[in-house]
Amino acid sequence: MNHSRKWTRDEVVSLYNKPLMDLLFEAASVHRKYHDPNKVQVSTLVSIKTGGCPEDCGYCPQAARYHTDVNAKELMGVEEVIAKGLEAKASGSSRICMGAAWRNIKDGPEFDQVLEMVRSLNKLDIEVCCTLGMITENQAHRLSEAGLYAYNHNIDSSEEYYEEIISTRGYKDRLQTIKNVRKTNITVCSGGIIGMGESIENRADMLITLASMTPHPESAPINALVPVKGTPIGEMELVTSWEMVRMVATARILLPETQVRLSAGRTNMSREGQALYFFAGANSIFAGDQLLTTPNPDINEDVKMFEALGLVPQQPFEKHAQRQTVEAENAQFHALGEKPKWSRPDHKIQRNLEAQTKRK
Ligand code: SF4
């Protein structure tokens, strides 16, 4: 399928600003062409390594430098992760996504432990996804051999606005990580966050960056910022349903075959609002009452919503075949002990510095 159309910022902004009924009709038409409109993919997110992160992402309560209620925890054990996988499966999720608050993966015992989690979960016949920060090509191959189905690495915002939010890692490194994942058969999950003070032009640029990837990411989370007290943008106003539905619809049009995922911020959205997002082309959600460290709707609420809307959960491996797990002793890719030079722009972001100082 050729989706190589080049979008300009003006075209995407005009699309985003169309009369809502026209935008919804266009997005829903694209959605129906490429997807079953009554099917929604459900994922469970598990924080396998919470807090204590060295980065300065302005939206994130897990950054060690900000004063939030998140307490740093050690890497979860393999057995506990398997139990979470069984729970996720029993509750109807087709995918489990493991998140670690790391800047990048480092070869060593912790990464070996994550590889073991991937192998174990893949044997439960559930799609396994990880979000572990920046990774090298060799590390991507090792995850792929373990049986990883998807790797999440969000671009967060447009390249221009990214610099207003994060100073400790560069946008190009994020794109490079996605390219490294693309060298394997792992699918790519990449999206961003709205409501961080960015303009509509910034939102358009973010979607254009995703739509310029060949192939498009198989999954694109659209997060609404959950402002967390103590973070630099913890006082932002909540994203409105209208902004969210426009963003989802525009994403659907630019990324016709991608699973557009409603992620953080769903607790602040009414059921009616969510119905509109599904109509506009969202076809994936996170289940469970916690998304890493921010709240998410109760699973029973989602079951009731699915019933009310006549939605059914997508089964695992409907879109792409299950990856075969290669056991550690038969692996072709091994730790190289690489020390990649991921960039650290370290420009000054005043509100990030202020949030850090408040802690002292
Ligand atoms: S978003 Fe990820 S990298 Fe950034 S501070 Fe949070 S855990 Fe760290």
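Derivation of every value follows stated rules applied to the coordinates shown; laboratory data play no part. Just so you know, these numbers come straight off a predicted model, no measurement behind them. Positions of Cβ are backbone-derived with ideal geometry, glycine not excepted, and every protein chain shown enters the neighbour counts.
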Which FRET efficiency, nearest 0.05, do Gln113 and Ala90 yield, Cβ-Cβ r, R0 22 Å?
0.35
In the chain, what cysteines have no partner Cβ closer than 4.7 Å?
Cys53, Cys130, Cys189
Once both label points are put 7 Å beyond Cα along the C-beta direction, the Lys348-Asn17 separation in nm becomes 3.4 nm
Take the alpha carbon gyration tensor of region 75-174, find the square roots of its eigenvalues, order them as a ≥ b ≥ c, and report rounded if a/c is under 1.5; if not, report prolate when a/b exceeds b/c, else oblate.
prolate
Extended-chain gain in nm, criterion 0.36 nm per residue less alpha-carbon gap, Glu237 and Glu201
11.1 nm
Within straight-line cross-link reach of Lys339, lysines at Cα separation under 24 Å, skipping those fewer than 8 residues along the same chain:
Lys49, Lys106, Lys172, Lys179, Lys183
Within the chain: Cβ-based charge dipole about Cα centre, in debye rounded to nearest 20 (Lys, Arg +1; Asp, Glu -1):
440 debye
Which residue, chosen from Asn202, Gly234, Leu20, occupies the Cα position most advanced towards the positive end of the dipole of the chain, where the dipole is computed from +1 (Lys, Arg) and -1 (Asp, Glu) charges on Cβ about the Cα centre?
Asn202
Mind giving me the nanometre distance, one decimal, between the label points for Lys358 and Leu309, set 7 Å out from Cα along Cα→Cβ?
3.4 nm
For the pair Asn300 and Lys179, what calculated FRET efficiency results from E = 1/(1 + (r/R0)^6), where r is the Cβ-Cβ distance and R0 = 51 Å, to the nearest 0.05?
0.80
Taking a straight Cα-to-Cα line shorter than 12 Å from Lys348, and setting aside same-chain aspartates and glutamates fewer than 8 residues away, one finds Asp56, Glu163, Glu164
Computed FRET efficiency, Cβ-Cβ of Glu79 and Phe25, R0 45 Å: what is it to the nearest 0.05?
0.35
Which aspartates and glutamates, on any chain, are close to Lys33 with Cα under 20 Å apart, when same-chain ones fewer than 8 places away are left out?
Asp22, Glu218, Glu257, Glu318
Please figure out what share of the DSSP beta bridges in region 208-360 is antiparallel and state it in percent, rounded to the nearest 5.
20 percent
Once you have the Cα-Cα distance between Tyr34 and Thr214, take 0.36 nm times their residue separation minus that, and quote the gain in nm to one decimal.
63.0 nm
Expressed in nm to one decimal, what extension gain is obtained for the pair His320 and His334 from 0.36 nm per residue of sequence separation less their Cα-Cα distance?
2.5 nm
